[in-house]
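No lab work stands behind these numbers, since they all come straight from the coordinates. No experiment lies behind these values; they were computed from the predicted model shown. Glycine gets a Cβ as well: all are built from the backbone with ideal geometry, and neighbour counts include every protein chain shown.
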2 protein chains.
Amino acid sequence: MKDKNISVAVIRRLPKYHRYLKEMLDNDIKRISSKELSKMIGFTASQIRQDLNNFGGFGQQGYGYNVEDLYNEIGKILGLTRQYNVVIVGAGNLGQALANYSSFDRLGFKLQAMFDVNPKVIGLKINNVEVMDMDKFEQFVDENNVEIVYICTSRDGAQEVADKIQKTKVRAIWNFAPVDLKLKSDIIVENIHLIDNLLTVSYFLKENLE
Amino acid sequence: MKDKNISVAVIRRLPKYHRYLKEMLDNDIKRISSKELSKMIGFTASQIRQDLNNFGGFGQQGYGYNVEDLYNEIGKILGLTRQYNVVIVGAGNLGQALANYSSFDRLGFKLQAMFDVNPKVIGLKINNVEVMDMDKFEQFVDENNVEIVYICTSRDGAQEVADKIQKTKVRAIWNFAPVDLKLKSDIIVENIHLIDNLLTVSYFLKENLE
């Protein structure tokens, strides 16, 4: 595969391209120059040309990029050519919010179940998906070929969930708990550390005042 | 201020130091070497020494870092020496989840109100904070010295909120809507683009299989 050597920095920019290209497709825009793309997306035109050259130069001199081709190619690189079975652990407000995001489903991330330890939420249906007892987690994920777990527990519960995950065939964790999980195996982890992000807001606020 | 020239990359690492140092303080750990810190936090010891040297060399040869001093100093740099008044726009699941995070409050981010356009949620109290009609937004934030707005609306509603914010004295936006806001003034924006992060998960999953 020619995208094996793309740097992580480029990869992390691709979803933004993907998002803007989707918007263009929805607005029936067929082609776009790197200059126009630059104006919309906020990267420099030369950055865009460099990024997109990584997977085979879609741009043509004087024509620009074919929006649909580029959208599809970036989707392929991001692994969006198939579906992923997903479960959420932690059916509190955050877990429920994620269960209700229709865009995840549209992109192929298919929510199969939610899990919790709290008897008050076990048995509830959120967006047609059942909240199950955490006791059934390991059996369920292996029987249903679940590949990704979104961890939406409190800080204290998250490592315990991670330990359970390591006993299953789950291959990736999307972690929202404010803790860095300790994982032995080669499980992929992406963290959304909300507080880390909020503290950069207060930093910039402070800097702007000085 | 000596931290004026610290790079944004370093700033974005500081909340992680802050988080680990808090944990050490809670566990009554008084001092720590860059080597031990490296083991816990996952940055190299030389990276840590470099990062922390940016604000005046807390480490002493053969002693390591004084945990409390370092925690306080990083807190100062991150602007945590005072309180920030905050409101949330969008009282759905995500807004409610953020309203319930006690750690934001503990760090000084004080939630003053929530706002929504949906009559079904206006008037509710979430974690003792009232959900108000969006019509009252501009007056409320200026009368209550609100500095930060968390935008938890859908994609379609977010720009409208941003436009309203620009008519107020609000200085920063923490944006959870999957859209890049267009802002004229010098308002600080930090985005949590969930989908962008999720698409890196599918990328890594795909790469791991090949």
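Here are some notes:
- For chain B, calculated [θ]222 nm from helices alone, where every DSSP H run of n ≥ 4 adds -39500 (n - 2.57): -13500 deg cm²/dmol
- Along its three principal directions, the equivalent ellipsoid of the protein assembly as shown from the Cα gyration tensor extends over semi-axes of 31, 28, 27 Å, largest first.
- Comparing A:Ala97, A:Ala172, A:Ala162 in a Gaussian network model of chain A where C-alpha atoms under 10 Å apart are linked, the largest mean-square fluctuation is found at A:Ala97.
- Inter-copy separations for B:Leu124, label at 7 Å along Cα-Cβ, nm, ascending: 1.1
- As a rough footprinting exposure proxy, the listed residues A:Leu78, B:Leu52 were ranked by other beta carbons within 10 Å of their own, and the order from fewest upward is B:Leu52, A:Leu78.
- Highest mobility in the GNM of chain B, judged by mean-square fluctuation with C-alpha springs under 10 Å and restricted to B:Phe43, B:Phe137, B:Phe109, is found for B:Phe43.
- Were the residues from B:Ile29 through B:Asp133 laid out at 0.36 nm apart, the gain over their Cα-Cα distance would be 32.7 nm.
- Nearest-first distances (nm) between copies at A:Asn5, label 7 Å from Cα via Cβ: 3.7
- Relative contact order, percent, segment A:2-77 [alpha-carbon distance under 8 Å, six or more residues apart]: 40
- Fluctuation leader among A:Ile173, A:Ile41, A:Ile195 - chain A, Gaussian network, Cα springs under 10 angstrom: A:Ile195
- Rel. contact order, % - alpha carbon contacts under 8 angstrom, at least six apart, chain A: 13
- Two-site label geometry, A:Asp186 and B:Gln112: point separation in nm, points 7 Å out along Cα→Cβ: 5.2
- Once you reduce segment A:141-155 and segment A:181-205 to the center of their Cα atoms, the two points are 18 Å from each other.
- Aspartates and glutamates with Cα under 20 Å of B:Lys169, excluding same-chain neighbours fewer than 8 positions away: A:Glu207, A:Glu210, B:Asp116, B:Asp133, B:Asp135, B:Glu138, B:Asp142, B:Glu143, B:Glu147, B:Glu160, B:Asp186, B:Glu190
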